[in-house]
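The values are calculated or read from the model by the stated rules, or taken from the named source; none is laboratory data. Computed from a predicted structure; not experimentally measured. Positions of Cβ are backbone-derived with ideal geometry, glycine not excepted, and every protein chain shown enters the neighbour counts. Side chains included, ligands, DNA and RNA excluded: accessible areas come from the protein's heavy atoms. Shrake-Rupley method; radii C 1.70, N 1.55, O 1.52, S 1.80 Å.
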Amino acid sequence: MQKAALIIGIGGVLFLAAQFMGRLGFGSGLSNDPGDGEIPAAEFDQRIPRDAITPIYSPKFIPAERSSLNDDEMVLGVVIDGEAHAYSITVLNRREIVNDVVGGIPILVTW
């Protein structure tokens, strides 16, 4: 059995949990229909247009010893099948989403 440790953004964890709960019959999961929830869609104030924040589709990595990150700078880390990737929170504050492949597994990192 392969062991994998994933640390992904809380939004990603909540999204996945809601989807699986819906598939297991513990609720409806998430829906793109704003009328499905208990909160009326008119209660939400959309500040930027949909898809205005472009995800990072092909992240580039360098070894940690060559990084210009400060020792106290936060990163979001993912380790799958012995392969480790770290995503700078400073970068994620601007881009918010990274599509990546770690240990041969496609993942979505969100902040």
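So here's what we get for this one:
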quantity	calculated
Filter result for the condition that a residue is at pLDDT 90 or above and open to solvent by 70 Å² or more (accessible area, probe 1.4 Å), over Lys60, Lys3	Lys60
Test for Glu73: is it at pLDDT below 95, in a loop (DSSP other than H, G, I, E, B) and loosely packed, with under 15 Cβ neighbours inside 10 Å	yes
Selection from the range 92-111 of residues that are crowded, with 16+ Cβ neighbours inside 10 Å and β-branched (Val, Ile, Thr)	Ile97, Val98, Val102, Ile107, Val109, Thr110
